[in-house]
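Notes follow the structure.
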């Protein structure tokens with residue numbers, strides 16, 4: 001399914017990520033989740049280079065300071081008083097396909113975000 005979820009040479013489509021069940025949900029404003037996400041990513045050595053807004057949803061894009069071949073995206077989806085948060089890690093495929101391959105759910109980043117958001 002991951003292969004079908006990626007455009008040729010592209011990233012995993014947001015629709016595919018949103019269709020997956022959220023692993024984290026909070027009762028905090030979406031803006032707070034974005035701020036905490038940015039702080040955690042920077043503390044972990046990432047550079048946040050884009051925050052997209054699609055309707056009420058936000059997508060935070062980041063890559064390692066020393067490695068453009070790995071990106072992390074955090075999807076923030078408000079739904080009434082709750083905010084669902086999903087993480088995705090992708091790695092550049094230098095092989096035959098020359099695109100991006102899904103590399104997990106960015107568990108280390110998501111765990112840090114979870115700890116920070118639950119502390120408040």
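Readers should treat all values here as calculations from the given coordinates under stated rules, not as data from a laboratory. Fair warning: this is a prediction, and the values are worked out from it, not measured in the lab. Cβ coordinates were reconstructed from backbone atoms using ideal geometry, including for glycine residues, and neighbour counts include every protein chain displayed.
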Contour minus Cα-Cα distance for residue 119 and residue 44 (0.36 nm per residue): 25.1 nm
Gap separating the Cα centres of region 8-55 and region 61-120, nearest whole Å: 6 Å
Segment residue 108-residue 80, extension gain: residue separation times 0.36 nm, minus the distance between their alpha carbons: 7.4 nm
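Is it possible to state the helix-based mean residue ellipticity at 222 nm for the chain, with each DSSP H run of 4+ residues giving -39500 (n - 2.57), the sum divided by total residues, to the nearest 500 deg cm²/dmol? What is it? Could you put the intermediate results ahead of the total?
Numbers: 4 runs with 36 residues, N = 120.
Value at 222 nm, helices only, nearest 500: -8500 deg cm²/dmol.
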With Cα atoms, 0 to 90° folded angle of helix 30-43 axis to the chain main axis: 60 degrees
Inter-label distance for residue 101 and residue 14, nm, one decimal - labels placed 7 Å from Cα along Cα-to-Cβ: 2.7 nm
Two-site label geometry, residue 67 and residue 25: point separation in nm, points 7 Å out along Cα→Cβ: 3.3 nm
